[in-house]
Every structure is written in C-alpha cells, then in structure tokens.
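Written below as structure tokens is the structure these notes are about.
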Amino acid sequence: MNGHVNYGLGFLADSFNELPCFGSSYTPPYYIDYFRSLGFAEQHLVSYRYPMNSFVKQQEARILERTKKRFSFRKADFSRLREDLAIYTQLNNHCFSDHPAYFYRHEDEDYELFKPFRWFLQEENLLIAEHGGIPVGFLLWYPDFNELIGPGQELGIQALLKYKLLRRPIKRFKIVEIGVIPKFQGSSVILGLFHACYELTRDRFQECESGWIFSANLKSNNICRRWNPEAGPTYSVFTLTLQ
C-alpha cells in the first residue's frame, strides 16, 4: 500500500514502459520476483481503458431515463467542501466495509487527502448519487495530471499554470473510485454515475482509465467489462500469514 489505499495498492506487474496515469503507482519488475521468491500469497488487480467512443453506449438511453427518475446525480459543492467530503467518507465506509485492504476512514483524513489537490480539483470531479435526497453512491475522477509534468517534476505551480491559465489539453482521465451502498448495488444507479461522468468528459478527453479492481471481484469486473474495454495495467498484492 502506497501510504494510503487511494494512492495505490500492489506492485506493478506490466506496462513498465508506459507513463503511469496520475494516482497510479509505479514499481520496477524485480519487486514482484522478490516477493514471489519468498513464498508470499499473491492476488491480482486489474484495470481497464476505454476510448471515449466506446464508453457508456447510447443504446442504454432507456435504462438511463428510468434511472434518472429514481436517482439524482450532482457535483460536489466546494462552498461546503467539508460537508460533502464527510458524505464521501461516510459512503466509503458504508460501501467498502467488507472490501479487501479497506480500513475505516475518518472525515479529517479524507479532507487531508483532498487538501493538497484543491487547486487542481473541481466540483465535477466528485459526483454524488442521491435517492430521495439521501446520498447512496459516488464517483471520483480526475484528469491525468502526469501529462502536465516532466521526468523528475512534481505536481506544483508550473503544472497548475499549464492547467488553469494555459488550458493545456489532457488526453486521459482516471476514474479513481466508484461506490454504491449495499441496498442499491443491484440497481442501475452505478450506470447513472458512469453516465454522469461521461457527460462531463466525452468532449474533453480521448481515453478513460479505471482504478484498480481485485480480479476476484466479479461484480465490479462485470460492470467494467460492459463496454468492451482494453486491458489497463495490472498489479500484484502479496500477503503473508504470521503464526
């Protein structure tokens, strides 16, 4: 775990010669060989890439029409950032309590995670789904800010100027997290969240990359394969049972 589960989990297993998407971890190939040689149990994480012309098919319009009658989808309100981040934290704890590697989160913790990127993030980057005014799901996405920085550089004032002032185009964006509370996980609310993201990004980016998903998580993988994506980077997680 790269300090926090949001910052990356596992060691990179392929795509070593590609520029990683912002928020994705990079590790050299020999890390995996080392842990395999020690007999650690290995689990696999996958990710997906979607050209924008294949992301959220328009033939799903009827499903989306019904979805919008049951659920509403809104952007975060940065004038009340702490309140909406508290909703984000609560949804994480509700949606992922049984997820491998997840641990209970606190509101101050998530505020600390967002604070360094507050000048880069916009309200549209955190989408919240509501049912009867009650938050039931969320989707977090952002542009690939790595396209604004060169080798050895950090995401700082120069990148911010390129992004905000010079309007430097970015080709790729990343869906970092998407979660729905258990009560509505069998509904179409997750499709509504994907579509809300698509409406915001379809004319601005060329490609979408998903965050990591455990290969054993069939529900999430089936949803992500809905639009016939290309394979993205894969990762390996190693665990060892202590006696």
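Between a first residue in region 221-232 that is over 17 Å from residue 177 (Cα atoms) and a second residue that is hydrophobic (A, V, I, L, M, F, W, C), which pairs have beta carbons less than 7 Å apart while being 6 or more apart in sequence or on different chains?
227/55; 227/56
Quick check: is even one residue across region 145-162 touching a Phe, Trp or Tyr at 6+ places or on another chain (Cβ under 6 Å) and assigned to a strand (DSSP E or B)?
Looking for residues that are touching a Phe, Trp or Tyr at 6+ places or on another chain (Cβ under 6 Å) and assigned to a strand (DSSP E or B), one finds none in region 145-162, hence no.
Take the residues in region 198-235 that are in a loop (DSSP other than H, G, I, E, B) and of a type in the set (Ser, Thr, Tyr), then tell me which one is surrounded by the most Cβ atoms within 10 Å (Cβ to Cβ).
234
How do the pairs read when you match residues in region 31-42 that are surrounded by 10 or more Cβ atoms within 10 Å (Cβ to Cβ) with residues anywhere that are of a type outside the set (Lys, Arg) and part of a loop (DSSP other than H, G, I, E, B), using Cβ under 8 Å and keeping only pairs 6 or more apart or on different chains?
32/13; 40/240; 41/240; 41/241
Taking the residues in region 46-102 that are hydroxyl-bearing (Ser, Thr, Tyr) and over 17 Å from residue 184 (Cα atoms) as candidates, determine which candidate is most open to solvent (accessible area, probe 1.4 Å). So that I can check it myself, show each step before the final result.
At the first step, the residues of region 46-102 found to be hydroxyl-bearing (Ser, Thr, Tyr) are 47-48, 50, 54, 67, 72, 79, 88-89, 97, 102.
Cutting the leftovers down to over 17 Å from residue 184 (Cα atoms) gives us 47-48, 50, 54, 79, 89, 102.
Numbers: 47: 5, 48: 20, 50: 3, 54: 17, 79: 104, 89: 3, 102: 45 Å².
The residue in question is 79.
Picking from 92, 146, which residue would you name as being touching a strand residue (DSSP E or B) at 6+ places or on another chain (Cβ under 7 Å) and of a type in the set (S, T, N, Q)? Please lay out each step first, then the result.
On the way: 146 fails: touching a strand residue (DSSP E or B) at 6+ places or on another chain (Cβ under 7 Å).
Just a single option satisfies the conditions, and that option is 92.
Looking at (1) open to solvent by 30 Å² or more (accessible area, probe 1.4 Å); (2) touching a helix residue (DSSP H, G or I) at 6+ places or on another chain (Cβ under 8 Å); (3) among the aliphatic types (A, V, I, L, M), find the lone condition where residue 189 falls short.
The failed condition is (1).
Any idea which of 117, 78 is of a type in the set (A, V, I, L, M, F, W, C), in contact with a helix residue (DSSP H, G or I) (Cβ under 6 Å, 6 or more places away or on another chain) and within 30 Å of residue 169 (Cβ to Cβ)?
Numbers: 117 fails: in contact with a helix residue (DSSP H, G or I) (Cβ under 6 Å, 6 or more places away or on another chain).
78 is the lone residue from the list that is of a type in the set (A, V, I, L, M, F, W, C), in contact with a helix residue (DSSP H, G or I) (Cβ under 6 Å, 6 or more places away or on another chain) and within 30 Å of residue 169 (Cβ to Cβ).
Please count how many residues of region 164-175 are open to solvent by 30 Å² or more (accessible area, probe 1.4 Å) and either touching a helix residue (DSSP H, G or I) at 6+ places or on another chain (Cβ under 8 Å) or under 16 Å from residue 92 (Cα atoms) (or both).
The qualifying residues number 2.
When region 104-120 is examined, which residues are found to be closer than 13 Å to residue 86 by Cα and in contact (Cβ under 8 Å) with a residue 12 or more places away in the chain?
105, 106, 107, 109, 110, 111, 113, 114
The values are calculated or read from the model by the stated rules, or taken from the named source; none is laboratory data. Here the structure is a predicted model, which is why all the values come from computation and not from measurement. Cβ sites come from the backbone with ideal geometry, for glycine too, and all protein chains shown count toward neighbours. Side chains are part of the model used for accessible areas, which takes the heavy atoms of the whole protein and leaves out ligands, DNA and RNA. Shrake-Rupley method; radii C 1.70, N 1.55, O 1.52, S 1.80 Å.
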